[in-house]
Amino acid sequence: MVFASPIFLFLFLPITLLGYYLIHPKFRNFWLFLMSFIFYAWGGLSYALILLFSTLMNYLFGILIDKSKEKYKKSILILSIVYNLGILGFFKYFSFILYNIQEMIRIFIPQFTMEIPKISLPIGISFFTFQIMSYVIDLYRKEIRLQKSFLNLGLYIMLFPQLIAGPIVRYIDVEKEIYERKVDTDKFYIGLKRFVLGLGKKVLIANAMGSWADYAFTISLDKLSTPLAWLGIFGYTMQIYFDFSAYSDMAIGLGKMFGFDFLENFNYPYISQNIQEFWRRWHMSLSGWFRDYLYIPLGGNRKGKKKAYINSFIVFFCTGLWHGAAWNFIFWGLFHGMFLIIEKIGFGDILKRIPRIFRHIYTLLVVIIGWVFFRAETFTMALRYLKRLFIFDFNKLEYFFLGLDNWKIFMGLCAIIFSLPSIQFAKKYLANNIKESFLYELSSMLLYIMLFLISICFITGSSFNPFIYFRF
């Protein structure tokens, strides 16, 4: 079940909200836990039971860490990390590892083959695994208190707004709200508007841009001209941002409707002036997780610059691997890591001395080239696509024009506008120039209602509504 679907919008969410506000407050955690389990089980009961079992295991790990003698705590922590990464590794990387072993053996025995199982990936396993690990690690560090209630811990791990697509919520950020939270009409309204905004971004902009990306990345190479290649990677650059940020918007909005305040996950990353800034603005919950639970434990920058660069490289290797079990994902992570290190070595100082527009072009070019490896099915396909971007092939332009239509062009312009802080500027301008606050709120409400209705029309009237988190 995904947020941008009729069954969620008109059945699951109304029932969940109605039940939440009608029952006694002391039963609300149970209600949310139950509905979150149903939400996840919609994609497969067996995977929901695995998630429930992992919750139980980490609940027990937490008790053992809290109650055991100091000398045993670290061993229990290591055991919990091995268990959690083992579950993630089996479902996400086992087949990938076997495939690479097979290819290595084929260097010496060309006819060698082995049976490689096709393991279905539980939706959002990368997200909820990191959430589970953060609870146990923070408990070991004594940054949080033991959660004695299995129900409450299960609610934290399985809470449906952010379960399958982030942001990665740490227990320390919602610890107080699990026990006590309040929702007034203002907070609910803010959450509702944030959800509708995310829904519109996903259904209108991300889906339109995704159709450009799919068209360019699936067409045969002999038909892929340079303009079409750039159209496709522009589409994917916008699709992945508006898709990811839209689901974060919807998660944050849903959280507010139930009294939770999730941290922001995106901060206009495409306005960045260098790759370091890009990663401070892109998928901030993931960047923060790797910083606090991998980079700093490895030593961070406390052991000299050389060690810091090695640590950064390790982090970005893991970042790429976290996104997918394929060499193109790993290369994407190392590609960003390389530029991050280059900037730290001294290129960042050079960037500061050049005009802002050129810093922006440099950053976007690095990010866009990186997205080619992220979107392509294989590393070889990514290299072939990159070649098409830069060989200036203007043959067979009819396929480029076939991919254009007025709606997608309009959405492409909207994507550019809304990838900038345009909404913030517009809100500030309207607030300052519309003297009557009632008139401002009324016009704002009408715009959100119109956005919701248009989004519903597109959801019910189009079969193209990709869910890119199946890969994660």
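In region 371-387 there is at least one residue matching the filter, namely being farther than 17 Å from I219 by Cα, under 27 Å from the mean Cα position of the chain (by Cα) and at pLDDT 95 or above.
Checked against the criterion of being part of a loop (DSSP other than H, G, I, E, B), over 30 Å from K92 (Cβ atoms), at pLDDT below 75 and not β-branched (V, I, T), the candidates K435, K396 yield just one match: K435. Taking the criterion of being among the β-branched types (V, I, T) and loosely packed, with under 13 Cβ neighbours inside 10 Å, the only residue of region 40-79 that qualifies is I78.
Counting only helices (runs of 4 or more DSSP H) that sit wholly inside region 281-366, those with at least 3 residues that are touching a Ser or Thr at 6+ places or on another chain (Cβ under 9 Å) and assigned by TED's automatic domain parsing to the domain that holds A382 are 284-290, 305-323, 327-342. For the residues Q162, Q147, Q131, the requirement of being of a type in the set (S, T, N, Q), farther than 14 Å from F260 by Cβ and modelled with pLDDT under 95 singles out Q147. Take L231 and tell me if it is more than 26 Å from L420 (Cβ to Cβ), surrounded by 17 or more Cβ atoms within 10 Å (Cβ to Cβ) and touching a Phe, Trp or Tyr at 6+ places or on another chain (Cβ under 6 Å). The answer is no for L231.
So which of I330, I341, I314, I361 ends up being more than 20 Å from P167 (Cβ to Cβ) and under 19 Å from the mean Cα position of the chain (by Cα)? Full working, then the answer.
Values: I341 fails: under 19 Å from the mean Cα position of the chain (by Cα); I314 fails: under 19 Å from the mean Cα position of the chain (by Cα); I361 fails: under 19 Å from the mean Cα position of the chain (by Cα).
Among I330, I341, I314, I361, only I330 is more than 20 Å from P167 (Cβ to Cβ) and under 19 Å from the mean Cα position of the chain (by Cα).
Taking region 382-395 as the range and being surrounded by 13 or more Cβ atoms within 10 Å (Cβ to Cβ) and either over 30 Å from F266 (Cα atoms) or free of Cβ contacts under 8 Å to residues at least 40 places away in the same chain (or both) as the test, the residues that pass are L383, R384, L386, K387, R388, D393. Being assigned by TED's automatic domain parsing to the domain that holds L52, under 27 Å from the mean Cα position of the chain (by Cα) and under 26 Å from G255 (Cα atoms) is a property that holds for I137. Taken over region 143-185, the residue count meeting the criterion of being crowded, with 21+ Cβ neighbours inside 10 Å, farther than 28 Å from E70 by Cα and either touching an Asp or Glu at 6+ places or on another chain (Cβ under 6 Å) or among the β-branched types (V, I, T) (or both) is 2. You will find that of Y83, Y140, the residue that is out of contact with any Leu (no Cβ under 6 Å at 6 or more places or on another chain), surrounded by 13 or more Cβ atoms within 10 Å (Cβ to Cβ) and either hydroxyl-bearing (S, T, Y) or within 27 Å of L32 (Cα to Cα) (or both) is Y83 and no other. The numbered conditions (1) assigned to a helix (DSSP H, G or I); (2) touching a Phe, Trp or Tyr at 6+ places or on another chain (Cβ under 7 Å) are all true for E103 except (2).
Residues of region 367-385 that are outside any helix (DSSP H, G or I) and of a type in the set (A, V, I, L, M, F, W, C): A376 alone.
The values are calculated or read from the model by the stated rules, or taken from the named source; none is laboratory data. What you see is a predicted model; the values in this text were computed from it and never measured. Glycine also receives a Cβ, built like all others from the backbone with ideal geometry; neighbour counts cover every protein chain displayed.
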